[in-house]
Amino acid sequence: MDESSKTTLGIKQVTRRFGGLVAVNEVSFDVQENEIFGVIGPNGAGKTTLFNTITGLIAPSSGQVIFDGQEITNRRPHQIAKCGIARTFQNIRLFGELSALENVAIARHLSTTTGIWNGILGLPPTHKEEKQTYDRAYELLELVGLSDRSDVKARNFSYGDQRRLEIARALALQPKLLLLDEPAAGMNPSEKGQLSDFIRSLRDRFNLTILLIEHHVPLVMGLCDRIAVLDFGQLIAIGQPEIVKSDRAVIEAYLGDEG
């Protein structure tokens, strides 16, 4: 990356223990502004645990998480979201009985400014902001190609389309940093082929920094500016895709399985 690039996310010696198990062990790396940064490794390597420490779902046992120059290590998930971090999940967490539009609008409400009493009393500012919320939600559905089914319940979408809906919901938070946990999971080859271009377009359109976990190695190698590799909770390699791909420790721990 350009040396003049600004650091968006700093992971500083982050460790997470569960009893006697060390799931993440003194991991450190920086993610630069507007970078697409991948985290790969075998199952159980600590990737999702690391994501959970960044987004406040669990606290690290030690270490620091720095976002946009501020420490966010012990903040709660809603506080971290308001700072400008949004994520998707390995196991999709949509409201299945709500429509696609409602799913995105719910996330958008985190950014609204009218107070709860205005909403209860139905005062005019609330009506105006509610319309703006649903208009923006519809625009995001258009972006991910789901606006023609905005009134369809989330549970009735295909797995790939549910992934797209979850990304739209994350974008409704107006993040600076977007974390994608296995975005290609459950997608067919055609959908995976479109995903890289889609993620790049998100980065460019919204001026985003993107951090992703993904098991589909060809997608990661072709998409990411840099990649970090975890194995048994430890960072064993970091760098540009071609450098990581040829790293002997990475081949032995992970990429050898791809052959």
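Laboratory data are not the source of any read-out in this text; all were calculated from the coordinates shown. Keep in mind that what you see is a predicted model, and the values were worked out from it rather than measured. Don't worry about glycine lacking a Cβ; one is built from the backbone with ideal geometry, like all the others, and counts go over all protein chains shown.
As a rough guide to protection, the peptides 57-66, 14-23 ranked by mean Cβ packing within 10 Å, highest first, stand as 57-66, 14-23. Between 0 and 90 degrees, the angle of helix 189-206 with respect to the longest Cα principal axis of the chain falls at about 70 degrees. Using +1 at the Cβ of each Lys and Arg and -1 at the Cβ of each Asp and Glu in the chain, identify which of A86, A237, N34 lies farthest towards the dipole's positive end. Result: A86. From the coordinates of this entry, semi-axes √(5λ) of the Cα gyration tensor in Å is computed, and it appears in (1) 23, 21, 20; (2) 39, 21, 15; (3) 32, 22, 16 under the label (3).
Set the Förster radius R0 to 41 Å, insert the Cβ-Cβ distance between R248 and H78 as r into 1/(1 + (r/R0)^6), and round the FRET efficiency to 0.05. Efficiency for this residue pair is about 0.45.
Bridge orientation summary for the chain: considering DSSP beta bridges with both residues in this region, about 55 percent are antiparallel.
Ordering F157, F232 by the number of other Cβ atoms within 10 Å of each residue's own Cβ, fewest first, gives F232, F157. Here the dipole of the chain is about 760 debye; that uses its Cα centre as origin and unit charges on the Cβ of Lys and Arg (positive) and Asp and Glu (negative). Relative protection proxy for 87-98, 41-52, from highest mean packing down: 41-52, 87-98 (other beta-carbon atoms within 10 angstrom).
Neighbour counts of C-beta atoms inside 10 Å place K245, K6 in the sequence K6, K245, starting with the fewest.
With 0.36 nm allotted per residue and the present C-alpha distance subtracted, the N91-I66 stretch has 6.4 nm of extension available. Each part gets one Cα centre, and for region 204-235 versus region 40-74 those centres are 15 Å apart.
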